[in-house]
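To keep things clear, I will list the structure first and then write my remarks on it.
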Amino acid sequence: MVNCIICHMMIIEGIDDKETCPNDHPVHGSCLIEWLIKSNTCPLCSEPYSPDVILRFEGYVKQKNQEKMNKLENQIKTEQMGKVNTITEKVIFLKSIETIERLVENQEYNLALDNLDSLGEFPLTNYKGQQIAFLKGKINFLRERYDLAINQLFRLVKEKFDFPDGFLYLGKSYEALGLNDKAKWAYERAK
């Protein structure tokens, strides 16, 4: 009884398919099929298998290689679709922000806030969350709801310290409430 040099399991004569390399190193036929996908040489001595052995398993090897290629192509397509979806989401978000800014210019503040709410919740660590928080703060400032503006804008600048427009509207809100020291603090950071 001999052992397969690939899987190290016993090769049972008459039951298992047995193949050998030119140096008589034994392998299971099923192990050799998988091995030929990687290499045409013996795993032990690196001698090439005879052409008739390789030819016997050629169809299976081609099929496995084709499956690998199909899997790789599908993976590439999936990655490309993911990138396209990401870009599409960004474009949709930016178009929504443009629409909201037009509503603000037309002093349709309630509709603008409703549109902002419809965009969903995003963390302030996220670009979308920062833009939404800024616009909510700006709209509340323009609606003369300074307390709400301060709440939104302070949370924003606390998370993203380099947001000059956030500090500007925060300073204006503090100033409108007569909190000049805090307004000065915010204006200094708006530069």
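Inside the range 1-23, residues that are of a type in the set (Val, Ile, Thr) and exposed (fewer than 11 other Cβ atoms within 10 Å of the Cβ) make up a count of 1.
Does GLU47 qualify as being touching a residue at least 12 places away in the same chain (Cβ under 8 Å) and of a type in the set (Asp, Glu)? Even if it seems obvious, please write down each step before you answer.
Details: touching a residue at least 12 places away in the same chain (Cβ under 8 Å): yes; of a type in the set (Asp, Glu): yes.
It is true that GLU47 is touching a residue at least 12 places away in the same chain (Cβ under 8 Å) and of a type in the set (Asp, Glu).
Within the range 64-83, does at least one residue satisfy the condition of being surrounded by 12 or more Cβ atoms within 10 Å (Cβ to Cβ) and touching a Phe, Trp or Tyr at 6+ places or on another chain (Cβ under 9 Å)? No: zero hits.
For the range 55-69, the count of residues that are assigned to a strand (DSSP E or B) and acidic (Asp, Glu) is zero. Of the helices (runs of 4 or more DSSP H) entirely within the range 93-167, those holding at least 1 residues that are among the β-branched types (Val, Ile, Thr) and touching a Leu at 6+ places or on another chain (Cβ under 7 Å) occupy 127-142, 146-159.
Restricting the first member to the range 133-159 and to residues that are over 18 Å from LEU177 (Cα atoms), and the second to residues that are of a type in the set (Asp, Glu) and assigned to a helix (DSSP H, G or I), the beta-carbon pairs closer than 8 Å and six or more apart or on different chains are PHE134/ASP165; LEU135/GLU101. Within the range 181-191, the set of residues being over 18 Å from GLU144 (Cβ atoms) and without any contact (Cβ under 8 Å) to a residue 24 or more places away in the chain comprises ASP181, LYS184, TRP185, TYR187, GLU188. Cβ separations smaller than 7 Å between residues 6+ apart or across chains give the following pairs from the range 10-26 residues that are at pLDDT 90 or above to residues that are among the hydroxyl-bearing types (Ser, Thr, Tyr): PRO26/THR20. The sole residue among PHE154, PHE161, PHE122 that is among the aromatic types (Phe, Trp, Tyr) and buried (at least 16 other Cβ atoms within 10 Å of the Cβ) is PHE154. Considering every residue within the range 77-84, establish whether at least one is assigned by TED's automatic domain parsing to the domain that holds CYS7 and either among the polar types (S, T, N, Q) or more than 34 Å from the chain's Cα centre (by Cα) (or both). Looking through the range 77-84, at least one residue is assigned by TED's automatic domain parsing to the domain that holds CYS7 and either among the polar types (S, T, N, Q) or more than 34 Å from the chain's Cα centre (by Cα) (or both). Starting from the range 58-78, keep only residues that are aliphatic (A, V, I, L, M), then list their pairs with residues that are surrounded by 10 or more Cβ atoms within 10 Å (Cβ to Cβ) and in a helix (DSSP H, G or I) whose Cβ atoms are within a distance under 9 Å, requiring at least 6 positions of separation or different chains. So the pair list comes out as VAL61/ILE33; VAL61/LEU36; VAL61/ILE37; VAL61/ILE54. All of ASN126, ASN85, ASN106, ASN115 fail the test of being within 23 Å of ALA176 (Cβ to Cβ) and polar (S, T, N, Q), apart from ASN106.
The values are calculated or read from the model by the stated rules, or taken from the named source; none is laboratory data. Small disclaimer: the values here were computed from a predicted structure and weren't measured. Glycine gets a Cβ as well: all are built from the backbone with ideal geometry, and neighbour counts include every protein chain shown.
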